Amino acid sequence: MAAVLMVGSVGVGKTTLTQRLTDRDIEYVKTQATYREGDVFDTPGEYLDGPFHKQALQLTSAEADVILFLLAATALECRIPPGFSSFFMKPVIGVVTKKDMATEDEIERSISLLEQTGAHPVLVVSAMTGEGIEELSQLINKEGGTS
């Protein structure tokens, strides 16, 4: 799989999606610092809260082939700034998570918010049920040049 950097707020499902993409058991773990699991870099959601942490995301992106912007369909706001994809020199894919917990209106709102960040395309997944994970894996490899 192409190397991936996960970016998103606290609680959007970055670690759960990391576990799903790397075929690990799904279990709750609070991410305290950037760590690499196989080809996936998981980052703390707090990295979106301050300018110095955003620089850490940019530095880590040098080792990634693809950036994933994650937003939970159930989230009330998107902490990823509009146009933030231009901060990275890599393809940025939007991922709406927690499909299994959301209404269609929530999913559509989340897609729109991720599109405003510059992420393209935007996929909808559930790391808990596995829905959309195969499509996401294929897109990661295509965008990362390892298809």
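What follows is calculated from the coordinates using simple rules that are stated; it is not laboratory data. Since the model is a prediction, treat every value here as computed from it, not as a measurement. Glycine gets a Cβ as well: all are built from the backbone with ideal geometry, and neighbour counts include every protein chain shown.
In segment 26-50, of all residues being out of contact with any helix residue (DSSP H, G or I) (no Cβ under 6 Å at 6 or more places or on another chain) and more than 20 Å from residue 127 (Cα to Cα), the one that is surrounded by the most Cβ atoms within 10 Å (Cβ to Cβ) corresponds to 48. For segment 20-46, a residue qualifies if it is under 20 Å from residue 134 (Cα atoms) and outside any loop (DSSP other than H, G, I, E, B), and the qualifying residues are 20, 21, 37, 40, 41, 42. Against the numbered list (1) out of contact with any Ser or Thr (no Cβ under 8 Å at 6 or more places or on another chain); (2) touching a residue at least 40 places away in the same chain (Cβ under 8 Å), residue 129 comes up short only at (2). Taking the stated definitions as given, is residue 103 out of contact with any Cys (no Cβ under 8 Å at 6 or more places or on another chain) and either charged (D, E, K, R) or surrounded by fewer than 14 Cβ atoms within 10 Å (Cβ to Cβ) (or both)? Yes, satisfied. The residue that is nearest to residue 15 (Cα to Cα), counting only those in segment 123-145 that are buried (at least 20 other Cβ atoms within 10 Å of the Cβ) and of a type in the set (Val, Ile, Thr), is 125.
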